[in-house]
Amino acid sequence: MTRGKAIGRLALRRLAFAVPVLLVVSFALFVLAKASPFDPVERYFGVRIIGASPERVAQLRANWGVDEPVVAQYWAWLTHAVTGDLGDSLSLQQPVSAVIGDRLGWTVLLVSVGFTLALVLGLLLGTLAAWRQGSWLDRSITGSCYALEAAPVFWLGLAVLYVFALQLQWLPGGGVTTGSDPVSVGGVAAHMVLPVAVLAISQAPWFVLFVRQNLLESFTQDHVIGARARGLPDHVVVSGHALRTSLLPFLTLLGARLPELITGALLVETVFSWPGIARATVEAALNVDFALLGALTVMATGVVLVGNLLADVLYALADPRVALDG
Amino acid sequence: MADLTWRPAPRSRLTAASPPRSPKWRLLPSAVVLGVVALVVLVVPLFVELNEQYVDLAIANQPPSAAHLFGTDELGRDVLLRCVYALRVSLTVGVVAAVISAVAGTAVGALAGSIGGWFDRIMMRVVDAIASVPHLLLGIVIVAILRPSLSAVIISIALTHWLTAARIVRSEVLSLRTRPFIDAAIVGGASRLQVMTRHLLPNVAPQVLLATTLMVPHAVWHETALSFLGLGLPPHAASIGNMINDAQRSLLIGGWWMSLAPGLMLVITTLAVSGISGVWRDRLNPKRRTELTW
């Protein structure tokens with residue numbers, strides 16, 4: 001069996017694991033929602049339920065199928081969800097797919113740029129810190145990384161907002177447009193700087209410390225010592241020999257970092273009033289809007305699973321020594 | 001003609017990681033900070049006749065001064081005093097949630113590790129499945145179901161954080177099971193329960209205790225994030241997240257101290273806790289001296 005085929009089989013096996021996980025997670029959410037004392041029909045009527053005719057309430061209960069067994073309701077939801085119909089959001093009075101469709105693009109934009117920047121920062125600062133091990137540069141980089149890891153991301157966001165948007169007024173601090181301006185590339189780019197920077201800075205420390213640690217370990221490996229013995233300059237040894245081998249475990253960790261990234265994005269979006277899914281998530285939670293909240297949670301889980309799969313496939317592609325029967 | 005003069009090689013730092021500095025340097029400041037925080041948080045509310053909810057609109061929005069070291073908030077409440085109470089609430093939530101999740105995780109991990117077979121496989125797949133849901137989102141769902149309250153926040157943290165403990169305990173139990181003293185106990189006629197309570201659990205206890213300590217900052221962070229989103233403790237309760245949430249409004253009119261102070265308190269306490277647990281971990285697993293706390 002060729003290696004390409006083996007990697008394909010690995011991907012298939014991981015997908016086969018992802019589908020039951022998604023089913024279990026969505027079913028568990030469904031059961032939790034049903035177990036809560038909350039009743040969507042009462043919520044729909046609000047105080048008007050006192051004056052509403054019992055027939056009308058009963059008809060609505062029958063239409064929505066609230067009194068059917070959980071499994072039947074779950075099956076109805078699942079069959080609709082597969083066709084793209086995720087039900088209606090009670091809090092935003094829109095179909096769930098429309099709510100997500102409107103907002104997902106903005107979140108993906110923020111997260112992808114922020115994650116890329118965090119990776120670049122992590123590689124750059126981590127390499128610098130390891131290269132100049134024990135120097136003031138190394139100490140200040142690792143020291144600030146520990147401090148940043150301890151700081152809540154929304155607190156950092158507020159600090160950045162205060163300094164750069166309110167005091168210095170260099171950059172706009174919230175949303176994606178100023179006033180009633182139409183959405184433009186330049187405007188969005190200017191509005192993106194602060195949230196992206198905060199997301200990247202809050203995610204980077206972990207990568208910085210990881211790259212530094214791995215590089216320090218690889219400095220003791222034979223091929224690196226050999227390269228130094230041949231008299232190659234330091235920068236060639238670091239970038240060409242040490243960094244290459246120490247980056248391999250980095251790939252799988254990218255996947256493992258996705259849940260933290262989603263959490264960080266949720267908080268950064270809230271601070272900067274970014275029009276992504278965070279606002280909808282909080283609204284859904286406050287208004288017990290399970291259709292929306294459940295869809296968002298299942299979606300985030302799916303993203304994490306696919307991210308892990310991609311990371312494993314990349315790892316297998318990058319390192320021919322990796323065994324594929326895990 | 002090539003330059004044949006010998007020159008010493010420039011000093012390079014491409015060597016193995018320098019040995020960590022004496023743990024004293026991490027232990028001492030962390031212990032002092034944690035001691036002061038514990039003293040203030042535990043003792044001050046008992047002896048000081050001050051009310052952190054005391055409203056005095058005449059002194060609202062005052063910047064830090066000698067009378068109010070961290071200034072006052074939009075209702076004229078002393079920010080320093082509120083920080084002390086907030087830290088008390090947040091740390092209590094963190095410790096209680098960490099202990100609950102450690103107990104739950106230990107139970108699941110020990111059962112999975114010692115029973116093994118299909119039970120182990122199913123339990124670990126469940127752990128993997130829960131771990132794929134972003135923690136904060138799962139926490140939000142749980143709070144939405146139970147409605148925001150102190151117990152909802154604690155349950156939401158406990159339900160999302162027991163996974164780490166379960167994984168650690170399971171792998172420890174699996175490696176302990178192959179050791180001769182367990183075989184000896186079984187041969188000596190010990191029941192499954194006796195092996196578990198007398199031999200397995202006492203040996204995983206140090207690791208569990210360490211994991212619990214490391215979980216506390218994470219749990220506090222989780223509580224803070226939920227409260228910041230408005231899904232945590234009731235709005236009037238002084239918690240770090242609520243204080244930063246309230247301070248957002250004052251930030252627009254220049255009140256930087258109202259969000260700076262609670263965040264700073266949290267960062268310092270978190271660093272002290274991870275400093276102490278870092279030294280502890282290095283003593284417990286001297287081979288795995290990683291610098292990553294999470």
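Nothing in this text is a laboratory measurement; each read-out follows from the coordinates by a stated rule. Because the structure is a prediction, the values reported are computed rather than measured. Neighbour counts run over all protein chains shown; Cβ positions are idealised from the backbone, glycine included.
Mind listing the phi-derived Karplus ³J(HN,Hα) values for the stretch B:26-42, rounded to whole Hz, using 6.51, -1.76 and 1.60 with θ = phi - 60°, and x for any glycine or proline?
Residue by residue, the stretch B:26-42 yields 8, 5, 4, x, 4, 5, 4, 4, 5, x, 4, 4, 4, 4, 5, 5, 8 Hz.
Rg(Cα) of chain A divided by 2.2 N^0.38 Å?
Expressed relative to 2.2 N^0.38 Å, the Cα Rg reads 1.25.
Ignoring trypsin sites (Lys or Arg not before Pro) that are buried or in helix or strand per DSSP, and keeping those with at most 14 other beta carbon atoms within 10 Å, what is the longest stretch of chain A between them?
A:1-131
Pairs of Cα atoms under 8 Å, at least six residues apart: use those to get the relative contact order of chain A, whole percent.
Contact order relative to length: 25 percent.
If I take the Cα coordinates of the stretch B:98-247 and project them onto the principal axes, what are the three extents in Å, biggest first?
63, 27, 18
Please list, in chain and number order, the residues 5+ apart from A:LEU90 or on another chain whose amide H is under 5 Å from its amide H, with Hs placed from the backbone.
Here the answer is A:ALA291, A:LEU292, since their amide H atoms fall under 5 Å of that of A:LEU90.
With r defined as the distance between the Cβ atoms of A:PHE17 and A:ARG321 and R0 fixed at 22 Å, what FRET efficiency is calculated, to the nearest 0.05? Write out the running numbers ahead of the final one.
Values: r = 23 Å, r/R0 = 1.06.
Here the calculated transfer efficiency is 0.40.
What is the local net charge at B:VAL279, summed over the other residues whose Cβ is closer than 10 Å to its Cβ (Lys, Arg +1; Asp, Glu -1)?
Net of charged neighbours comes to +3.
What FRET efficiency do you get for A:HIS235 and A:ARG139 if R0 is 25 Å and r is their Cβ-Cβ distance, rounded to the nearest 0.05?
So the FRET efficiency works out to roughly 0.75.
HN-Hα J couplings of the stretch A:93-107 from phi, Karplus 6.51/-1.76/1.60, θ = phi - 60°, integer Hz, Gly and Pro as x?
6, 9, x, 4, 4, 5, 4, 5, x, 5, 9, 4, x, 5, 5
Counting residues in the protein assembly as shown as N, plug N into 2.2 N^0.38 Å and put the Cα Rg over that result.
Expressed relative to 2.2 N^0.38 Å, the Cα Rg reads 1.06.
Working out 0.36 nm times the residue gap between A:LEU109 and A:GLN59, then minus their Cα-Cα distance, what length gain in nm do you get to one decimal?
Stretched out fully, the A:LEU109 to A:GLN59 stretch lengthens by 13.7 nm.
Just to check I understand the Karplus step: with θ = phi - 60° and J = 6.51 cos²θ - 1.76 cosθ + 1.60, what whole-Hz values come out for the stretch A:191-204, glycine and proline as x?
After applying 6.51 cos²θ - 1.76 cosθ + 1.60, I find 6, 7, 3, 5, x, 4, 4, 5, 4, 5, 5, 6, 8, 5 Hz.
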